[in-house]
Amino acid sequence: MMRKLSTGLAVLLLCTAAAAQEYPRKPIRVLVPYAPGGVVDTTTRIVTNKITERLGWQFVVDNRPGGNGFIAVGIAARGAPDGYTILSAHTGEFAVSPFVFKGVPFELDRDFEAVVMLSDAPMLVVVNSQSPINSFKDLVAAAKAKPGQLSFGSPGNGSVNHLASEWLAVAAGIKVLHVPYKGGAPAVSAVATNEVIWTVAGLPGVTPHLQAKRVKVLGITTAKRTAQTPDWPSAQESGIPGVDASIWVGFFVPKGTPKAIINRIYTVSVDMLKYPDVKERFATVGGAETIGMAPKEFHTRVKQDAERYRKVVQEVGITPQ
């Protein structure tokens, strides 16, 4: 009996390995929870275009914006676990949304397998170029001088930018005023026009205003300075302890996708991240670093980030919407 079971398992493993060798035999659908042009979409297209260029794999990038990302993630969760449905997501979907929204229709552990973290990028803390605030220390002092009045903009309630800002405030021991906008670009524009005092944003949304000298950067939200943003100090080195908020982008597949196929997608993706032109585009487009984190480590990182944001939500007293 044991011999029959062992034989059957061996056959199954051989068939799975063979399927992975033949994979892919048709175009791969990659679901993106945001509109074209954003960091998740751009990262996805840089990597998939490189895979097509080098290996001939065909992809269909399917942008499904809206619903706090639930639309795309929900479709991916219901996808067949055969390697032909990939979700490209960022920090918000799995590390933030479960704690700020009610009725989230997906769970990382139940519905997905982490495949690879493609990139990781700091967020920038930005004020108006004419502001007397020139450092994290100045920001904290200004907030303590007027508790609950120093306004900050965000792309909306429950966004990763919103939670990163609240994390900064909690860690610094200050009370601030949140003003939500409909997107990252309006939030940065609000700083440029002095509607709000500061915001936390990704490099792509800040760059045009930096070039026009409408805003200035106080520093970044990650634990350490990065090679892509070496001139800007981290919150931690500026005396705000524990803050380490970033925007990563990675691939996930539906639960039950064969490990051999997951490993194939992971290996191929990591190989593409080694090309200098890919690294350059990541840095140029989003100030991001290529990562290539393996499935197990990526899953652990997502869970760690989720716990950090859960604590922020709890400390600030944010009620799920």
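The values are calculated or read from the model by the stated rules, or taken from the named source; none is laboratory data. Values in this document were obtained by computation on a predicted structure and should not be read as measured data. So basically every Cβ, Gly included, is an ideal-geometry build from the backbone, and we count neighbours across all protein chains shown. For the accessible areas, the whole protein counts, side chains as well, though only heavy atoms, and no ligand, DNA or RNA atoms are used. Shrake-Rupley method; radii C 1.70, N 1.55, O 1.52, S 1.80 Å.
Cut-off under 30 Å on the C-alpha distance; same-chain residues fewer than 8 positions from Lys274 excluded. Which lysines are left, in chain and number order?
Candidates past the 8-residue exclusion: Lys26, Lys50, Lys224, Lys255, Lys259, Lys296, Lys303.
Does the chain come out rounded, prolate or oblate by the C-alpha gyration tensor, with a ≥ b ≥ c the root eigenvalues, rounded set by a/c under 1.5 and, if not, prolate when a/b is larger than b/c and oblate if not?
Taking the square roots of the gyration eigenvalues as a ≥ b ≥ c, the chain is prolate.
Find how much the distance from Val270 to Asp138 grows on full extension, using 0.36 nm per residue of separation minus their present alpha carbon separation; answer in nm with one decimal.
43.4 nm
At q = 0.13, 0.27 Å⁻¹, what is the base-10 log of I(q)/I(0) for segment 89-162 according to the Debye formula with one equal point scatterer per Cα and no solvent? Please give it to two decimals.
Log-scaled intensity ratios, in q order: -0.61, -1.33.
Can you give me the C-alpha center-to-center distance between segment 17-62 and segment 216-270, rounded to a whole angstrom?
If we compute the Cα centre of each part, the gap is 20 Å.
Would you be so kind as to identify which of Leu163, Leu118, Ala95 lies farthest towards the positive end of the dipole of segment 91-169, taking Lys and Arg as +1 and Asp and Glu as -1 on Cβ and the Cα centre as origin?
The listed residue farthest towards the positive side: Leu163.
Along segment 21-32, what does the Karplus equation 6.51 cos²θ - 1.76 cosθ + 1.60 (θ = phi - 60°) give for ³J(HN,Hα), rounded to whole Hz, x for Gly and Pro?
Per residue, the Karplus-derived 3J(HN,Hα) values read 5, 7, 5, x, 9, 7, x, 9, 8, 10, 8, 10 Hz.
Would you rank Ser269, Ser129 by solvent-accessible area, highest first, keeping every protein chain in place and using a 1.4 Å probe?
Ser129, Ser269
Given the protein chains as shown and a 1.4 Å probe, how many square angstrom of Lys146 are accessible, to the nearest 10?
The accessible area comes out at roughly 120 Å².
Step through the residues of segment 77-89 one at a time and calculate ³J(HN,Hα) from phi using the Karplus curve (6.51 cos²θ - 1.76 cosθ + 1.60, θ = phi - 60°), rounding each to whole Hz and writing x for Gly and Pro.
Result, ordered by residue: 4, 8, x, 5, x, 10, x, 9, 10, 10, 9, 9, 9 Hz.
At 1.4 Å probe radius, can you tell me the per residue accessible area of the chain in Å²?
46
For the chain, what is the mean residue ellipticity at 222 nm derived from helices alone (per DSSP H run of n ≥ 4: -39500 (n - 2.57); sum divided by total residues; nearest 500 deg cm²/dmol)?
-14000 deg cm²/dmol
Given +1 on the Cβ of Lys and Arg, -1 on the Cβ of Asp and Glu, and no further charges, what dipole in debye does the chain carry about its Cα centre, rounded to the nearest 20?
Its charge dipole is roughly 320 debye.
At 1.4 Å probe size, with the rest of the protein present, what percent of the exposed accessible area of segment 176-321 is carbon and sulfur atoms?
Accessible surface attributable to carbon and sulfur in segment 176-321 totals 54 percent.
Charges only on Cβ, +1 for Lys and Arg, -1 for Asp and Glu: so what's the dipole of segment 31-86 about the Cα centre, in debye to the nearest 20?
So the magnitude is around 40 debye.
Going toward the positive end of the dipole of the chain, with +1 on Lys and Arg Cβ and -1 on Asp and Glu Cβ, which of Thr319, Ile240, Ala141 do you reach last?
Thr319
Amide H to amide H under 5 Å from Phe59: which residues, 5+ apart in sequence or cross-chain, H placed 1.01 Å off N in plane?
Counting only residues 5 or more places away or on other chains, the set is Ile28.
Suppose R0 equals 35 Å; then what is the FRET efficiency for Asp82 and Asp277 from their Cβ-Cβ distance, rounded to the nearest 0.05?
Efficiency at R0 = 35 Å is approximately 0.70.
What are the ³J(HN,Hα) values, in whole Hz, obtained from phi via the Karplus relation 6.51 cos²θ - 1.76 cosθ + 1.60 with θ = phi - 60°, for each residue of segment 171-176 in sequence order, with x given for Gly and Pro?
5, 8, x, 10, 10, 10
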